[in-house]
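The values are calculated or read from the model by the stated rules, or taken from the named source; none is laboratory data. Because the structure is predicted, anything quoted here is derived from the model rather than measured. So basically every Cβ, Gly included, is an ideal-geometry build from the backbone, and we count neighbours across all protein chains shown.
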Amino acid sequence: MAIKTIPPSRTSGRDRAERKLAFRMTAPSLVIMALVAAVPIGYAIWLSLNQYSVRTAGLSRFVGLDNYIAALTSNEWWAAFGQTFLFAGLSVSLELILGTAMALLLNLAFKGRSVLRTVVLLPYAIITVVSAITWQTMFQPNMGLVTNVLSTLGLPGGDVVWLGEHGYAMAVIVMADVWKTTPFAALIILAGLQVISAETYEAAELDGASKWQTFVNITLPLLRPAIVLAAIFRTMDALRVFDLPFVLTRGANGTESMSMLAYTQLRENRLVGEGSALSILTFLTVMVVSVIYVRFAGGNIRDVAKEEQ
Amino acid sequence: MDLNRPASPLQSQNNAATPRNRKGLAAATAIAAAALILSACGGGAAPQGAEQAAAADPASGANASGAVNICGVKDASGIYKGTAEAFTKANGKVTAKYTEIGATTDEARTQIVQRLEGKSTECDLFVTDVIWTSEFASQGWLLDQTKLVEANKDRLIPSTVETTKYQDKYWGSPFFTNAGLIYYQKDKVAKPESWQQLYAEAAKAPGNGYVYQGKQYEGLTVNFLEMLYSAGGEVLNEQGDVKIDSKETRDVLNFMSDGLKSGSADRAVLTYNEDPARLAYESGDFGYQRNWPHVYRLLNATPLASSFAVAPLPAWEGGKASGVLGGWNLAISAHSTNQAGAVAFIDFATTPDWQKHVAMDYSQAPVNEAAYSDPAVLQKMPFATELLASVKGAKPRPISPVYPQISQAIYKNVYAVLSGTASMEEAVQKMAEEITTAKASF
């Protein structure tokens, strides 16, 4: 992980020449990277500093940070911000717990393991919008599969309008996300599991450690980098969530996410400046969270990597 | 929405023009210059606006030739392609073709906006949803069809023509229309004469309930406006002033939310758009359903076929029934390279003869009144009389270039009242505020 840097005092002429060569060779890809990544982001930032009204379509007025101030002082933004974090917190923690359990199961030696590994990944292969529609149908009042089964069995929840109330609607959105992406978390954690050498476990067994002790003291610490990696991926994804609430509730009952807010302003209302500011705010939120992750949890990745060496 | 604030950047630039702030001024000028360059890349100089738009010449259609490209949403019923083919055959000199540019209504709008903003000449005609007229016309994107509409006026139902109006001019010709209907189980419940009577009947027995489109989306705006219009309320008046903060709005909101509490309507309607409402109704557990005419054919294929009947939308007690118009118009692009061909196509599509095919072959509501009493149409569409009553009584949705924002202000706040997350008073005030802000953003 650590990048070795050569102190300038020790650079010889040959080093410099090599560096120049390296720069020349990487320059084309750097330019392409800049075009692909930096230009659209830069353009979005520029757009967010302007006001485009429907009347003046195509013409902009520079308004500085007005769009940001408007967003940050609006209830809509903070409501969406809170709901998105609630969603991310719930779904990512469930996905990590279930994903770890699933990975442990798939790591056991048993017949048909490879088949099961493929089957388990199926939900992840389904397009989110399609699975969202399936979940919507299942929780449809009166005729949905879930509501029907619950009411036939006389269980609570059969007469609930799941997508018509905040708590229940959020629960369905979280469930749909957990169902779909737990296999992804499991896959990453499984990769981490397979790196742990069998000798470590043999040693533990010789020392007379119980199954639980082995799990808590050996498996879990060694799995940490994989779990953190899964957490970073999933959190970044969850904070950008759009399709699940869009299909399931259209943002009703307090389930509007940050991305949905940006979409409404950009596409439905054609308010390019306001929408871009909201996109940039979403982008910044995701970035800040990732930096925090790497700063605090990423340290573990490095520590463990060092220990392993 | 609170997010749309009319900013005053020109003011702040003027303030910067003091000697001490020359650098600031220079920077602002540079940025403004850059803005102009960027916006020039993005689509050119100031938009023409509706005031300077060119007009379509009704006489030009007769001498038209060449090819006409019509663009719009995915052609599920085949009506657009069918009309293009029939036109090409009948006209002989002009060939028309239909290009699908979006799978859904929303996607089609985005695609059309992109083409219009980029002054694309790909499409001569656009099939436009009735709620897009003001926005497109205000941008100078469409050809003024006032003369054409006036030439064809005697064969068009007046309410359908109203959906193409913006600032006293017509910007499209209606192609087919749409209005809400009430489907009811004639052996269980009575034909609805007023909303009050419908709701009272619906609450009488568990199987009598009413289903409508109560999800937070455009459909809820339509359901709410149908009731508001029949109660005599309005969103914007003729002058465009916001009139939503009224006794009628309060009455309707109270009525709708009481209806959910008393069991006239199932709480599940809060999650229904058109299709789930239809499916719930097909289970046979409900007495009334509000939906569009296309449901007739689908309902006829279910066990309910023999027991249901169709009625126009009811009136508010003591008032006159008034629904909300849906439907699709034909708008000529301001950048069309074959405007005469487009006029010829419109002439054909709105003829009384072709309008009969619109009903018989594609089950859509014609814009020609005579079609509704044609025996061949009545055989295919036995509820044509009820449909005509709904269409003739219906009014357009609020006419404004920022209609999407106005609709959001309506459906979000109506939903908040129905789901019980906001008080009625709070919602009415927020609705009025948000509509005012939306209007100011134009």
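Matching residues to (1) within 14 Å of chain A (Cβ to nearest Cβ); (2) among the small types (G, A, S); (3) at positive phi; (4) in contact with a Pro (Cβ under 8 Å, 6 or more places away or on another chain):
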site	(1), (2), (3), (4)
B:A265	yes, yes, no, no
B:T271	yes, no, no, yes
B:L279	yes, no, no, no
B:G284	yes, yes, yes, yes
B:R290	no, no, no, no
B:A301	no, yes, no, no
B:S307	no, yes, no, no
B:P314	no, no, no, yes
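Which ones in region B:326-354 are aliphatic (A, V, I, L, M), buried (at least 22 other Cβ atoms within 10 Å of the Cβ) and out of contact with any helix residue (DSSP H, G or I) (no Cβ under 6 Å at 6 or more places or on another chain)?
B:A331, B:A342, B:I346
Would you say A:G298 is crowded, with 16+ Cβ neighbours inside 10 Å and at pLDDT below 90?
Spelling it out, A:G298 is indeed crowded, with 16+ Cβ neighbours inside 10 Å and at pLDDT below 90.
Within region B:416-436, can you find the residues that are surrounded by fewer than 24 Cβ atoms within 10 Å (Cβ to Cβ), of a type outside the set (G, A, S) and within 11 Å of chain A (Cβ to nearest Cβ)?
Residues satisfying the conditions are B:T421, B:K430, B:E434.
Let me spell it out: the conditions are (1) more than 24 Å from A:V247 (Cα to Cα); (2) at pLDDT 95 or above, and B:G140 meets all of them except one. Which number is the exception?
If we test B:G140 against (1) more than 24 Å from A:V247 (Cα to Cα); (2) at pLDDT 95 or above, just (2) comes out false.
Sort out which residues of region A:155-198 are touching a Gly at 6+ places or on another chain (Cβ under 6 Å) and either at pLDDT below 90 or more than 19 Å from A:L94 (Cα to Cα) (or both), and write them in order of number. Full working, then the answer.
Taking region A:155-198 as the starting set, the residues that turn out to be touching a Gly at 6+ places or on another chain (Cβ under 6 Å) are A:166, A:182, A:185-186, A:189.
The one that is touching a Gly at 6+ places or on another chain (Cβ under 6 Å) and either at pLDDT below 90 or more than 19 Å from A:L94 (Cα to Cα) (or both): A:H166.
Looking at (1) out of contact with any Ser or Thr (no Cβ under 6 Å at 6 or more places or on another chain); (2) away from chain A (no Cβ under 14 Å), which one does B:Y229 not meet, given that it meets all the others?
(1)
Can you name the helices (runs of 4 or more DSSP H) wholly within region B:351-422 that have at least 3 residues being over 30 Å from B:N91 (Cα atoms)? Give the steps one after another, and end with the answer.
Details: elements: B:352-362, B:375-380, B:384-393, B:403-418.
By residue number, B:384-393, B:403-418.
Only one of these is away from chain A (no Cβ under 14 Å), crowded, with 24+ Cβ neighbours inside 10 Å and under 23 Å from B:T271 (Cβ atoms): B:Y199, B:Y184, B:Y170. Name it.
B:Y184
Hey, could you check region B:284-307 for residues that are loosely packed, with under 13 Cβ neighbours inside 10 Å and not small (G, A, S) and say which is nearest to B:K204 (Cα to Cα)?
Result: B:P303.
Looking only at region A:134-180, how many residues end up being surrounded by fewer than 16 Cβ atoms within 10 Å (Cβ to Cβ), in a helix (DSSP H, G or I) and touching a helix residue (DSSP H, G or I) at 6+ places or on another chain (Cβ under 6 Å)?
Qualifying residue count for the region: 1.
What are the residues in region B:149-171 that are assigned to a loop (DSSP other than H, G, I, E, B) and at negative phi, if any?
B:L156, B:I157, B:T163, B:T164, B:W171
Could you check how many residues of region B:116-130 are surrounded by fewer than 19 Cβ atoms within 10 Å (Cβ to Cβ) and outside any loop (DSSP other than H, G, I, E, B)? Please lay out each step first, then the result.
Narrowing region B:116-130 to residues surrounded by fewer than 19 Cβ atoms within 10 Å (Cβ to Cβ): B:117-122.
Cutting the leftovers down to outside any loop (DSSP other than H, G, I, E, B) gives us B:117.
Counting residues in region B:116-130 that are surrounded by fewer than 19 Cβ atoms within 10 Å (Cβ to Cβ) and outside any loop (DSSP other than H, G, I, E, B) gives 1.
So which residues in region B:283-310 are in a helix (DSSP H, G or I) and over 26 Å from B:V358 (Cβ atoms)?
Within region B:283-310, B:P303, B:L304, B:S306 meet the criteria.
Any chance you could count how many residues in region B:316-333 are among the hydrophobic types (A, V, I, L, M, F, W, C) and over 21 Å from the mean Cα position of the chain (by Cα)?
Total meeting the criteria: 1.
So which residues in region B:237-272 are under 15 Å from B:V414 (Cα atoms) and either outside any helix (DSSP H, G or I) or of a type in the set (D, E) (or both), if there are any at all?
B:I244, B:D245, B:S246, B:E248, B:D251, B:D258, B:Y272
Checking the conditions here, which among B:A137, B:A62, B:A53, B:A103 is exposed (fewer than 13 other Cβ atoms within 10 Å of the Cβ) and within 26 Å of B:S400 (Cα to Cα)?
Just one listed residue meets the conditions, B:A103.
Here are some residues: A:A262, A:A230, A:A226. Which one is aliphatic (A, V, I, L, M), within 13 Å of another protein chain (Cβ to nearest Cβ) and either in contact with a strand residue (DSSP E or B) (Cβ under 8 Å, 6 or more places away or on another chain) or buried (at least 22 other Cβ atoms within 10 Å of the Cβ) (or both)?
After ruling out the rest, the residue left standing is A:A262.
Name the residues in region A:58-105 that are among the polar types (S, T, N, Q) and within 14 Å of chain B (Cβ to nearest Cβ), would you?
Hits for region A:58-105 are A:S60, A:N67, A:T73, A:S74, A:N75, A:Q83.
Of the residues that make up region A:69-92, is at least one touching a helix residue (DSSP H, G or I) at 6+ places or on another chain (Cβ under 7 Å) and of a type in the set (D, E)?
Yes; the residues of region A:69-92 include at least one that is touching a helix residue (DSSP H, G or I) at 6+ places or on another chain (Cβ under 7 Å) and of a type in the set (D, E).
Between a residue in region A:172-190 that is more than 16 Å from A:A230 (Cβ to Cβ) and touching a residue at least 24 places away in the same chain (Cβ under 8 Å) and any residue that is part of a helix (DSSP H, G or I) and of a type in the set (S, T, N, Q), which pairs come within a Cβ distance under 6 Å, given they are 6 or more apart or on different chains?
Matching pairs, first to second residue: A:V174/A:S91.
Please note which helices (runs of 4 or more DSSP H) are completely contained in region A:189-262 and include at least 3 residues that are over 30 Å from A:F85 (Cβ atoms).
Result: A:198-206, A:211-214.
For region B:96-111, what are the residues that are of a type in the set (A, V, I, L, M) and in contact with a Cys (Cβ under 7 Å, 6 or more places away or on another chain)?
As a first pass, look at region B:96-111 and keep what is of a type in the set (A, V, I, L, M): B:96, B:101, B:103, B:108.
Within region B:96-111, B:I101 is the sole residue that qualifies.
If you scan region B:433-442, which residues turn out to be part of a helix (DSSP H, G or I), out of contact with any strand residue (DSSP E or B) (no Cβ under 6 Å at 6 or more places or on another chain) and in contact (Cβ under 8 Å) with a residue 60 or more places away in the chain?
B:E434, B:T437, B:A438, B:K439, B:A440
Between a residue in region A:117-145 that is under 14 Å from A:V160 (Cα atoms) and within 14 Å of chain B (Cβ to nearest Cβ) and any residue that is among the hydrophobic types (A, V, I, L, M, F, W, C) and part of a loop (DSSP other than H, G, I, E, B), which pairs come within a Cβ distance under 8 Å, given they are 6 or more apart or on different chains?
Partner pairs satisfying both residue conditions: A:P141/A:V160; A:P141/A:V161.
Taking B:D106, is it within 14 Å of another protein chain (Cβ to nearest Cβ), under 27 Å from B:K356 (Cβ atoms) and in contact with a Lys or Arg (Cβ under 9 Å, 6 or more places away or on another chain)?
no
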